[in-house]
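Chemist: Just dropping this structure here.
The values are calculated or read from the model by the stated rules, or taken from the named source; none is laboratory data. The structure displayed is predicted, hence computed values, not measured ones. Neighbour counts are summed over all protein chains in view; Cβ atoms, including those assigned to glycine, are modelled from backbone coordinates with ideal geometry. The area values use the complete protein model at the heavy-atom level, side chains included, leaving out ligands, DNA and RNA. Shrake-Rupley method; radii C 1.70, N 1.55, O 1.52, S 1.80 Å.
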Amino acid sequence: YDFNQVILYAPTFRDITDGRIPFSESMLNKLNLYLQEKNFLMIVKKHPHDIDLEIPDHFTNIKDISQENEDIQELLINTDILITDYSSVFFDFILTGRPVIYYAYDFDNYIRDCRGMYFDYFSEIPGPFASSEEELLNILKELNNWFYSENYQKKYSEFKKRVICSKK
């Protein structure tokens, strides 16, 4: 297969879920159509202990490869766009300089019932943030507008410098 872009969805593990799932069937259908139009592939790499997220096999441009690939680092090398939530995987991916979208569809539940954060999620991370399926799809569709903007690139670069340890 020869896709224009590879998107990786890599969520973190939730100790306790409130029953919400990141993608409804209708959203997966809309997303798959968009991905087909753009000739993009979205691969899903679930946390090894995640049992709630299910991606049906019939989608042509959305594939769950969680069972086929254990090393997420191998996936990051070949990923053009990362979608994650609160996973630390974005720290590794931000080194590539490529786009990261933060899909925080269950932020309140995650903070309340799962884990805390080491920093203020919405003010320190460059974003963009989606809290709903529709927001996520819109952010994907507008990627070239926000990612290459001077304001975003500055925020991204400053965050990258803050999280990379380097000796001078």
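Chemist: Given a Förster distance of 25 angstrom, what is the FRET efficiency for Thr60 paired with Asp80, based on the Cβ-Cβ distance and rounded to 0.05?
Modeler: That gives a FRET efficiency of 0.85.
Chemist: Can you classify segment 66-106 as rounded, prolate or oblate using the Cα gyration tensor, where a ≥ b ≥ c are the square roots of its eigenvalues, rounded means a/c under 1.5, and otherwise it's prolate if a/b beats b/c and oblate if not?
Modeler: oblate
Chemist: Given the peptides 100-107, 128-135, 153-160, arrange them by the average over their residues of other C-beta atoms within 10 Å, most packed first. It would help to have the intermediate numbers written out before the result.
Modeler: On the way: 100-107: 21.1, 128-135: 16.2, 153-160: 14.5.
Per-residue mean Cβ counts within 10 Å order the peptides as 100-107, 128-135, 153-160.
Chemist: Then there's this: Determine the sum of side-chain charges near Asn39: Lys and Arg each +1, Asp and Glu each -1, restricted to other residues whose C-beta is under 13 angstrom from that of Asn39.
Modeler: Combined, the nearby Lys, Arg, Asp and Glu give -2.
Chemist: Something else now. Report in % the part of the accessible area of segment 73-164 that belongs to carbon and sulfur, leaving out ligands and nucleic acids; probe 1.4 Å.
Modeler: 47 percent
Chemist: Then there's this: Two-decimal Rg/Rh of segment 21-98 from alpha-carbon positions, Kirkwood Rh?
Modeler: 0.94
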